[in-house]
Amino acid sequence: RERWSDIQWGIHLKSVLPRGGSGDAYNLSGLTLEQALVSPVPNALLISFLRHSLAAQTISHGSLLESIATYSDQAFLKSRPHCTSVLLDLINLCRSLISKRSKPEECLSLNNSLLKIITWLLKLYSSIIEGLLRGQVLELVPNAKKTFEILTEFYKDEFVLNLMYVAKVD
């Protein structure tokens with residue numbers, strides 16, 4: 001009944017999770033994302049909670065990317081451009097926070113998540129371009145540009161390319 005700030009939510013969340021536990025075991029990123037994207041306009045408060053959980057390492061980058069990759073319905077993504085934009089922003093945030101200093105066990109799970117999210121981005125970009133060629137809604141253009149920029153940044157990062165190579169070999 002009261003509106004918590006990001007920090008208050010994080011404190012209450014840490015008190016609920018077992019000591020040393022992660023929100024990944026409870027699919028915290030998937031559940032929060034599902035609630036945030038119920039309406040055509042994403043819930044900014046829940047998205048800020050999700051960003052805080054990622055920054056506080058309550059959830060891992062891989063679990064958030066896996067949760068985003070589950071939104072594979074292209075009709076959903078085209079009909080809700082604001083939700084798609086938020087998903088792209090979250091991917092960009094994860095991309096910027098992935099570093100060589102991550103925990104080794106997180107890097108192992110991150111490989112497959114990266115491969116899934118790159119595939120998701122390529123499918124999204126392809127469907128947006130096909131829709132634009134058919135003369136569909138022009139409000140998808142910013143999402144197409146954002147998707148292309150994120151893909152470009154992924155392919156510029158040598159560490160991410162190495163992680164994807166390990167996933168491919170695995």
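The values are calculated or read from the model by the stated rules, or taken from the named source; none is laboratory data. From a predicted model like this one, the values you see are computed outputs, not experimental measurements. Here the Cβ is made from the backbone with ideal geometry for all residues, glycine too, and neighbour counts use every protein chain on show. Ligands, DNA and RNA are stripped out before the accessible areas are found, and what is left, the full protein with its side chains, is counted by its heavy atoms. Shrake-Rupley method; radii C 1.70, N 1.55, O 1.52, S 1.80 Å.
Values computed for the structure shown
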item: Residue in segment 96-104 that is in a helix (DSSP H, G or I) and open to solvent by less than 30 Å² (accessible area, probe 1.4 Å) present; result: no
item: Segment 46-57, subset of a type outside the set (A, V, I, L, M) and over 24 Å from Phe148 (Cβ atoms), residue most open to solvent (accessible area, probe 1.4 Å); result: Gln57
item: Residue check for Phe76: open to solvent by 30 Å² or more (accessible area, probe 1.4 Å) and either in contact (Cβ under 8 Å) with a residue 60 or more places away in the chain or in a helix (DSSP H, G or I) (or both); result: yes
item: Considering residues of segment 111-137 that are assigned to a loop (DSSP other than H, G, I, E, B) and free of Cβ contacts under 8 Å to residues at least 24 places away in the same chain only, the residue most open to solvent (accessible area, probe 1.4 Å); result: Arg134
item: Selection count where residues are part of a helix (DSSP H, G or I) and surrounded by fewer than 18 Cβ atoms within 10 Å (Cβ to Cβ), scope segment 36-45; result: 2
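Every residue, every condition in (1) touching a Gly at 6+ places or on another chain (Cβ under 9 Å); (2) surrounded by 14 or more Cβ atoms within 10 Å (Cβ to Cβ), yes or no:
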position	(1), (2)
Gln8	no, no
Arg19	no, no
Ala25	no, no
Glu34	no, yes
Ile59	yes, yes
Ser63	yes, yes
Arg80	no, yes
Leu88	no, yes
